[in-house]
Structure formats: structure tokens, C-alpha cells
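Here is the structure we will look at, set down as C-alpha cells.
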Amino acid sequence: MTLIEAIILGIIQGLTEFLPVSSSGHLELGAIVLGLETSNNLLFSIIVHAATALSTIVVFRKEILTLIKDLFAFKWNESTEYIAKIAVSMIPVFIVGVFFEDKVEALFSGQILLVSSMLFVTGLLLLISHYTKPKDGSVTFGKSIIIGLAQAIAIMPGISRSGSTITTALFLGVDRSKAARFSFLMVLPPILGAALLKTLELMDSGTTLGSNISTLALIAGFIAAFVAGLLACTWMIRLVRKGKLVYFAIYCFVIAFVGIVATFI
């Protein structure tokens, strides 16, 4: 992977992590289009996902600081309840990550037909959510586990994490702004946890990063994903509030169609 290719994929990740069009799917398609080997893509994916997690922290820094401050008050309050709901939402993705890691990694192997099909599913979710009547509900413990299930399913390349979790929250009657906020904050622990575990695994095994991905390329991809993520996160919050997700449904359908056609050509 060259420096330019790393930057391109980093920008793709930064934009698509927050925009409901599947970051993992676009990273996989981007790697295929650029003609890159996919054996080390999962590691690069984790690196740039960590970058977008950092951009989320920057965008929601005030909310996160409030949550942390209230948490260390050691009292059951609104913040600790919110953190507990995020913890509950992590259960499904934790189970998938622990018991099905090898099967998940096998999905990231140039399977353009699978990615395209899942992008079509993402498009359907966004389209249906466009016609869902806006409500002003909040995230409950019951809803958080269901939203967490959507996040676990979004491990599939082509299923948008933000798209699936936000649309699921909307289907459950959650207010648009609250749905976007919960969706972006709930992903922080799984992403940072996965990045940490992968790093510890590499350190323990002494495995190198791979001959086709240099340290400089990883750094460039990280920076590109972080900057793009800042812009996309801010934009996405506004789009959710305005109910403009249908445009991304159309985009997903187009990309899915092109990918499926390309598979059989």
C-alpha cells in the first residue's frame, strides 16, 4: 500500500464511518478498485477506525467530559444511566467479536458481491427510515440492546453501522438528535477496545505490520481518516436532524448495482 493509497482509503473511512453508506464496505471496495492485497486490510481498517473514533471524541468532547465527570460522582444520575445504556448496547457486538472473530475476518477478503448486496440492504433501511414518522422518544435499556444488535449486524462489510443503528433507533421512536448522539457515542468503546486488543496481540506475537503497509502509510491513513471524520460527523448530525438520509439510500443503491454488475462482467 502506497502513501497515496493509504490517504485515499483514510479519507474514504473518515467520510463513510459517519455517513450511512458503510465504511467497511467502502474500504473493501476501495481496496479492490486500487488493486490492493486484502490480507492486511483488517489491520489498516482498525487503524483508521480508531482515527474516526478520535474524531468522534473531539466532536462530542463536551458531552463525553460531562459523562466522565458525573460517572466519578459515584451516584446514579442521568449520565451514569446513559453510560449503562451504552454498556448494554455493547453486549451483542462483544459476543460477535469474541466468538465469531475468525468468521468476521473471513468476510474481508475481496467479496465484492457480498459487499454490494449488503450495501443494497443498507439502502433499504435508509429508504424505510425516510418514511418513518418522526417521534420524540428517548433511548431506553430495552431499545439500547436492540440498537446494539443492529451494530453487531453492521460488522458485515456493506452494512452501515451509523445507518443501521440510527435507523433502528428511529424505528423504535427515538428522537432524531438523540438517535444520532447515541449511535456515535456507542461505537467508541468497541472501536477503541478492538484497536487495543489488536495492538496487544501484535506486541505479544511480535508480528510485523506487513510488507505492503508501511508505518508511514498507516500514519497518513490515520490522519486522513481523522480530518475527514471531523467533517463528516458534524455534517451527519445535521442531516439526521433534517431527515435527509434518503439521499444516501439512493447512493447505496447505485453503488450496490454497479458492484453487482461488475461481479458478473
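Observations on the model:
- Residue within segment 63-75 that is among the aromatic types (Phe, Trp, Tyr) and within 18 Å of residue 196 (Cβ to Cβ) present: no
- Filtered residue count, segment 139-163, keeping only those that are of a type outside the set (Gly, Ala, Ser), at pLDDT 90 or above and farther than 22 Å from residue 232 by Cα: 7
- Criterion (at pLDDT 90 or above, out of contact with any Asp or Glu (no Cβ under 6 Å at 6 or more places or on another chain) and among the hydroxyl-bearing types (Ser, Thr, Tyr)) met by exactly one of 122, 38: 122
- Qualifying residue in segment 41-58 (condition: of a type outside the set (Ser, Thr, Tyr), in contact with an Asp or Glu (Cβ under 8 Å, 6 or more places away or on another chain) and modelled with pLDDT under 70): yes
- Hits in segment 133-163 - residues which are assigned to a helix (DSSP H, G or I) and touching a residue at least 60 places away in the same chain (Cβ under 8 Å): 148, 151, 152, 161, 162, 163
- If you go through segment 166-196 and keep only what is touching a helix residue (DSSP H, G or I) at 6+ places or on another chain (Cβ under 7 Å), in a loop (DSSP other than H, G, I, E, B) and either of a type in the set (Gly, Ala, Ser) or more than 17 Å from residue 45 (Cβ to Cβ) (or both), you end up with just 172.
- All of (1) touching a residue at least 40 places away in the same chain (Cβ under 8 Å); (2) closer than 17 Å to residue 19 by Cβ hold for residue 178 with one exception: (2).
- Residues satisfying the stated conditions in segment 113-132, i.e. in a loop (DSSP other than H, G, I, E, B) and not β-branched (Val, Ile, Thr): 131
- With respect to the conditions (1) modelled with pLDDT of 80 or more; (2) surrounded by fewer than 20 Cβ atoms within 10 Å (Cβ to Cβ); (3) farther than 21 Å from residue 54 by Cα, residue 209 falls short on a single one, namely (1).
- Residue in segment 227-248 that is closer than 18 Å to residue 11 by Cα, modelled with pLDDT under 85 and not small (Gly, Ala, Ser) present: no
The values are calculated or read from the model by the stated rules, or taken from the named source; none is laboratory data. What you see is a predicted model, and the numbers here were worked out from it, not measured in a lab. For neighbour counting, all protein chains shown are included, and Cβ atoms are generated from backbone atoms with ideal geometry for every residue, glycine included.
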